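The values are calculated or read from the model by the stated rules, or taken from the named source; none is laboratory data. Just so we're clear, the structure is a prediction, and the values are computed from it rather than from any experiment. Reconstructed Cβ throughout: ideal geometry from the backbone, glycine too, with neighbour counts over all protein chains shown.
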């Protein structure tokens, strides 16, 4: 009975647009209904249950999925656009919760000083295209100069060029001389990063500034970093009081907070302050893992890019001290990824794209499996988990009726070979095919 009702619904949906494409329409007539597309999915991965459904028909009307039924017994009218993925595995568009689309991975350290904000934004156009073509239909961009990420988001939304759906942070907020400041220029330049704010009220004001100019979320630097000059990656920078002020202000304004944090004390205080996610989490300890689980804080651990930093870093302009810091904490981060997973912390997919070349985001899946996840858990981290973190769980993250039609396909079975997610052959975002 259910199957018959579902097939009847699909039949109605498919045939509802017949009058729009008939020969009796004049050229000047405009369609009254959005285009209907039907996808034949040979293997459809339900990321919520891990089940693979065979030979399914996904019906898309406009931007959204309107039906999912077995292909058998569901005729498709000749004038409905049909996409045949019968030999592929179909799954939701992937989500990367930690990217820097306007960062050029081949211009780090001092070589980055010659890049203007305008040039960085234009570089972001190519990075956005490469990211989308890699199957990542949604990203969180966690820090960019000159609100270039906000401009990039708006241009993509306006249809100026292809790219993923972006949640943008604007400037990352941090202390003077810290990871979010620019410490490359000598004192006579008197240069201070635009995201610098010291003290609770200055930090609150900076949150308001980010919101004013279009930031979707707030990014803070709770500790030092690998790629910054003159600080220790594990050293706490913002105090608990400052982070509490930031989180209160951001949540009041409807923005989530992502905290860059490598060191154990900074991670724990960021979680106590109420941040929504901790980025990197390289030196997280047992207390931090316990707190993350208790508070439901998401951990976003970028465990692929160690390969790029140590393999290509010197050529890309990484500072010698940055390479030394990465050698110190890179493997520790991967080991702590396993510990956090075993400790029951919530984990979402994020790669720090921009440190390494954009479009290589999928290379991290291999390491997530190597360090403890099942292939399904790794895929869930980049779909339903990341959608939950971003607050987009009702729109993206799974292939369900009513959600946006963000759909990708690969030839192999990613539950058997997770590296197949580096070879995405079909990409649809919001019902539009890009690849």
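For the reader, a short list of remarks on this structure follows.
- Counted residues, segment 373-402 - those being over 27 Å from residue 219 (Cβ atoms) and surrounded by fewer than 24 Cβ atoms within 10 Å (Cβ to Cβ): 6
- The set of residues in segment 48-88 being touching a helix residue (DSSP H, G or I) at 6+ places or on another chain (Cβ under 9 Å) and part of a strand (DSSP E or B) consists of 57, 59, 61, 66, 67, 68, 69, 70.
- Failed item, numbered, when residue 163 is tested on (1) within 15 Å of residue 210 (Cβ to Cβ); (2) part of a loop (DSSP other than H, G, I, E, B): (1)
- Filter result for residue 419 (surrounded by 18 or more Cβ atoms within 10 Å (Cβ to Cβ) and part of a helix (DSSP H, G or I)): no
- Verdict on residue 218 being within 22 Å of residue 351 (Cα to Cα) and surrounded by 24 or more Cβ atoms within 10 Å (Cβ to Cβ): yes
- So residue 129, is it in a strand (DSSP E or B) and surrounded by 18 or more Cβ atoms within 10 Å (Cβ to Cβ): no
- Of all residues making up segment 156-203, the number that are within 20 Å of residue 273 (Cα to Cα) and surrounded by fewer than 18 Cβ atoms within 10 Å (Cβ to Cβ): 4
- Of the residues making up segment 271-310, those that are buried (at least 20 other Cβ atoms within 10 Å of the Cβ), part of a helix (DSSP H, G or I) and within 21 Å of the chain's Cα centre (by Cα) are 271, 292, 306, 309.
- Residue match in segment 132-145 (condition: in a loop (DSSP other than H, G, I, E, B) and farther than 21 Å from residue 228 by Cα): yes
Residue-by-condition table, conditions (1) modelled with pLDDT of 95 or more; (2) surrounded by 18 or more Cβ atoms within 10 Å (Cβ to Cβ); (3) more than 22 Å from residue 381 (Cβ to Cβ):
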residue: 56; (1), (2), (3): yes, yes, yes
residue: 74; (1), (2), (3): no, yes, yes
residue: 86; (1), (2), (3): yes, no, yes
residue: 99; (1), (2), (3): yes, yes, no
residue: 106; (1), (2), (3): no, no, yes
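- Flag for residue 25 being assigned by TED's automatic domain parsing to the domain that holds residue 404, assigned to a loop (DSSP other than H, G, I, E, B), at pLDDT below 55 and surrounded by fewer than 18 Cβ atoms within 10 Å (Cβ to Cβ): yes
- Here residue 318 passes the criteria (1) modelled with pLDDT under 95; (2) not in a loop (DSSP other than H, G, I, E, B) except the one numbered (2).
- Identity of the residue in segment 28-47, in a loop (DSSP other than H, G, I, E, B) and touching a strand residue (DSSP E or B) at 6+ places or on another chain (Cβ under 8 Å), that ends up modelled with the lowest pLDDT: 33
- Residues of segment 334-378 that are touching a strand residue (DSSP E or B) at 6+ places or on another chain (Cβ under 7 Å) and part of a helix (DSSP H, G or I): 340, 341, 361.
- Which numbered condition residue 188 fails, given (1) at pLDDT 95 or above; (2) in a helix (DSSP H, G or I); (3) farther than 21 Å from residue 352 by Cβ: (1)
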